[in-house]
Amino acid sequence: MLWSQEVLEVNPDCKVSVDYVGKAKIKVLLADNFYRHPEQVSQLALNLYYTDTPNLVGSYPGSRAVVTLDTGPLLQKFSELWGEPLRPHFSSYHPVIFSAITNRNYRLTVWQRQPHIDQGVTAMVYLNPEGLCSGGTGLYRHRPTELERVPIGITPELIRLARQHGLNPDRLKTEDGHAEFLNTVIFNPDYAVRENRYINDGNDYWELLYLIEMRPNRLVIFDGRMPHSQHIQPEQFVEYYRINQILYFKGHD
Ligand SMILES: [Fe+2]
């Protein structure tokens, strides 16, 4: 079996559902039975070479593999489902990226023991077969600030929060200042789980608002500006990997 454009064909009868999460009713889109040939996608994905080089994985708690196929038709389908054009975040071409996570001998960083945000809109397809799926992806509300979503731009709310925490709001305009704000006010290491595990059902600082359940061949598209995290129990994914395809799109406020 080899890679070809047909491998990424979408099932025309996939089952689409939409949920609205939190007080702000933020859209989460699910499409079950998403790929037409899910076994092929999974099988080919499993045979790739995965790397954990920081340039490719960033702060992701696993490793990644990339395939260069034309994802144009796929992105077209995602845009139709999402209801607005989705453009790749990093460059005009979006490669096929697979992510693999294992709990075997894995030490999570403080950033991986609490939720995080992505650059814009995030899409993911869970690729483990039936029987090897559990947990999923949690969407969280930050209890101390009550934020359910971190805006991309500088909003009056962020300025108010910066002042409240003794930070100069002008610093939000710089990349370093913005990162300092996020890591102090929202993703503060003190808010992370102490033990070596994912945040899962939440803690005193993070409330689990919604669990995107991991199911075979399920696509999810959500606003990556909502704090989110893998929802994985420490005893899961020790004997086999949690595999999914991941795509990052530009977002807007
Ligand atoms: Fe993410």
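Where a number appears in this text, it was derived from the coordinates with a stated rule and is not lab data. Only a predicted model underlies this, so the values are computations on that prediction, with no experimental measurement involved. Every residue, glycine among them, receives a Cβ derived from its backbone with ideal geometry; neighbour counts consider all protein chains shown.
For the stretch 1-47, the equivalent ellipsoid derived from the alpha-carbon gyration tensor has semi-axes of 30, 12, 7 Å in decreasing order. What longest range of the chain stays clear of loop-exposed GluC sites (Glu not before Pro) (DSSP non-H/G/I/E/B, at most 15 other C-beta within 10 angstrom)? It works out to 1-129. Summarising the amide proton neighbourhood of residue 35: residues at separation of 5 or more, or on other chains, whose placed amide H is nearer than 5 Å comprise 11. Cβ crowding within 10 Å, taken as a proxy for footprinting-reagent exposure, orders 1, 226 from fewest neighbours to most as 1, 226. Coupling constants for the stretch 78-93 follow from the phi torsions by the Karplus curve (6.51 cos²θ - 1.76 cosθ + 1.60, θ = phi - 60°), and in residue order they are 4, 4, 4, 5, 6, x, 7, x, 10, 10, x, 6, 8, 7, 6, 9 Hz; glycine and proline get x.
Where only DSSP H runs of four or more residues are counted, the chain gives -4000 deg cm²/dmol as its mean residue ellipticity at 222 nm, each run worth -39500 (n - 2.57). Here is the tail figure for the stretch 73-136: Cα pairs spaced more than 14 Å apart come to 72 percent of all pairs. What you get for the stretch 115-219, charging only the Cβ of Lys and Arg (+1) and of Asp and Glu (-1), is a dipole of about 120 debye around the Cα centre. Rounded, prolate or oblate, given the Cα gyration tensor of the stretch 123-227, with a/c below 1.5 counting as rounded? Prolate is the answer for the stretch 123-227, as a/c is 1.5 or above and a/b outweighs b/c. Is the shape of the stretch 1-135 rounded, prolate or oblate, going by the alpha carbon gyration tensor and its root eigenvalues a ≥ b ≥ c, with a/c under 1.5 for rounded and a/b larger than b/c for prolate? Rounded. 3J(HN,Hα) along the stretch 37-50: 10, x, 5, 5, 4, 4, 4, 5, 5, 5, 8, 7, 8, 9 Hz, from the Karplus curve 6.51 cos²θ - 1.76 cosθ + 1.60 with θ = phi - 60°, whole Hz, x for Gly and Pro. One decimal place: the segment residue 70-residue 18 gains 16.0 nm when fully extended, by the rule 0.36 nm per residue minus the C-alpha distance. Close amide H pairs (under 5 Å, H built 1.01 Å from N) link residue 71 with 94, residues at least 5 positions away or on another chain. Restricting the trypsin sites (Lys or Arg not before Pro) of the stretch 20-126 to loop positions (DSSP other than H, G, I, E, B) with no more than 16 neighbouring Cβ atoms within 10 Å leaves 23, 25, 104, 107. Measuring spread by the Cα atoms of the chain yields a radius of gyration and Dmax of 18.2, 59 Å.
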